[in-house]
Structure formats: structure tokens, C-alpha cells
Amino acid sequence: MVDSAGLWSMEPLLASRLATHLKNSPNGEEYLCANSGSGNELEPSIEIESNQIRSVDSFDEYVSFQRRIFRVNLVVTAIAGILTIIFFDSNAAISLLLGAFSGILYLRLLAKSIGSLGKTSSSVSKFQLLVPVVLILAVSKLAVIQLLPALVGFLLYKPSLIIQFLLEPSA
Amino acid sequence: MDSITTAASVVAAGLAVGLGAIGPGIGQGSAAQGAVEGIARQPEAEGKIRGTLLLSFAFMESLTIYGLVVALVLLFANPFAG
């Protein structure tokens, strides 16, 4: 991220690089002579600013994409929970809901680490893998929670992602 | 649980996590590399690139999670324990 002060300090550097590039290119000196004093020196900084604005808009698009996935995930979880209560017992439904919320938490952590990729970190964090570990440990310690419904609930984020990908018009 | 079953379960758990993480690790590395290169070339497409990266990472990492689940089940809820 380059702030406005950094942008002004970069401007002479960019202008000198542009001048060097134009001098080395064929007919570059003629271009420099013809355009000297016409205000074209500010063009690189304007281009950088417009790129930053477009990048911020595009990141907002990513945030709204996350919100849509979250909503679809909640809907899929609710449908699966109702079906489990109808066709199985309440313990299975509790296990499935616990697994589903673990899956939502896992996906949020994964989206957060992907959002920071290339900005604050150079690799994707593995912190989200602790979520299934804690889920399995909880299953092994608590007798109320069953293993299979919890795992199915945890993996409910995958149909949610597929549904969201199919619903996306430009995907 | 007898000692042979315990030893086999521990070895199998280690193999499940270790071998199961190799493929997704390589795939995630190359996907992240391509995504960062794409964002650097086209900053205006950052949102779409990150969204696609999220989808691919979620599906790739689930392979690691399968291995992790098998390993944890072998360690903490072993069905072969007598």
C-alpha cells in the first residue's frame, strides 16, 4: 500500500524511469522533445492511483462474495438440520449443527487468510486446520456428539460453495 | 488395545497426515503463486481471483482434512480397539 505521501515521493523516480525508457526506445528522444512541458509527467502517478481505487473496489467484491457464501452456508445448514431432526434423532441433529458451525468457522478463517495473502502475509495460514482437530477431540470426549453427523455437518461447506459457484452469474 | 494395534494405529495416523498433506500442499502452493501473479498483473480482477482461490483452496484443503480425520479417529476413537 502506498499512501499519498509515498506516492508523491515515488513520482520523480517514476518520471525518471519513464524518461530513461523513452530515451532508450527508438524515436524516444523525439517524443520527449515534442511533449516537454505538456504535463505528461504526472501520468504515472495518476495511473497508480486509479489502479489502487480499482483494487479497493475489487476487494469489496471479494468481501461481498464471502458474505454470499456465508448466507448460502447458513441456508444449507438450516435445511440439513431440519432434515436430520425429521429423519434421525436430536443427538444427530445437535452433532450435525455443531459440525456445520465448525465448517462455517473454518471457511471464515480460510477466507480471512486468503484475503491477507499478498498483503500482510506471503503464504496461506494453516490456523484453520485446528477447527476439525478440535471438533474430532470434542467428539471423542463428549458422548452426546456423534462422529459421522459431525463430519457430515463440517463438510456442508462444500455443497454451499458449489451452490454459490453455480448461482454466480459471472463465474 | 494391545500393543501391536496401538503401534500400527500411531504409524497409520502419521502416514495418513503426512502423505495426505503432500499433494494438497503442492497444489496450494502453485495455486497461490498463480493467484498472486494474476493479482499483480490485473489488480482490477483481484476480487474474482481471490474468490476463485477461496473455492479451490477449500476443495484442496478438504483432502488434507480427510487424512487428518482418519488420523484423529485412529488415535482417539479407534474402531479396532478391543
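The values are calculated or read from the model by the stated rules, or taken from the named source; none is laboratory data. Just so it is clear, the structure is predicted and the values come from calculations on it, not from any experiment. So basically every Cβ, Gly included, is an ideal-geometry build from the backbone, and we count neighbours across all protein chains shown.
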Being more than 10 Å from chain A (Cβ to nearest Cβ), within 18 Å of A:Tyr157 (Cβ to Cβ) and among the aliphatic types (A, V, I, L, M) narrows it down to one of B:Leu68, B:Leu63, B:Leu19, B:Leu54, so name that one. B:Leu63
Among residues of segment A:147-171 being crowded, with 20+ Cβ neighbours inside 10 Å and among the polar types (S, T, N, Q), the residue modelled with the lowest pLDDT is A:Gln164
On the given criteria, is B:Ala35 touching a Lys or Arg at 6+ places or on another chain (Cβ under 8 Å) and either basic (Lys, Arg) or under 24 Å from A:Asp57 (Cβ atoms) (or both)? yes
Check whether at least one residue in segment A:79-102 is surrounded by 13 or more Cβ atoms within 10 Å (Cβ to Cβ), within 12 Å of chain B (Cβ to nearest Cβ) and over 15 Å from the mean Cα position of the chain (by Cα), and report yes or no. yes
Could you list, in sequence order, the residues of segment A:113-171 that are under 18 Å from A:Arg67 (Cβ atoms), more than 10 Å from every other protein chain (Cβ to nearest Cβ) and hydroxyl-bearing (Ser, Thr, Tyr)? A:Ser116
Starting from residues that are part of a helix (DSSP H, G or I) and surrounded by 15 or more Cβ atoms within 10 Å (Cβ to Cβ), keep the ones in segment B:33-43 and report whichever is farthest from the chain's Cα centre (by Cα). B:Pro43
Kindly establish whether A:Phe65 is surrounded by 13 or more Cβ atoms within 10 Å (Cβ to Cβ) and over 28 Å from the mean Cα position of the chain (by Cα). no
Considering B:Gly67, B:Gly14, B:Gly29, B:Gly51, which residue is assigned to a helix (DSSP H, G or I), closer than 21 Å to A:Tyr106 by Cβ and touching a residue at least 12 places away in the same chain (Cβ under 8 Å)? B:Gly67
Across segment A:116-142, the tally of residues that are part of a helix (DSSP H, G or I) and farther than 17 Å from A:Tyr157 by Cβ stands at 5
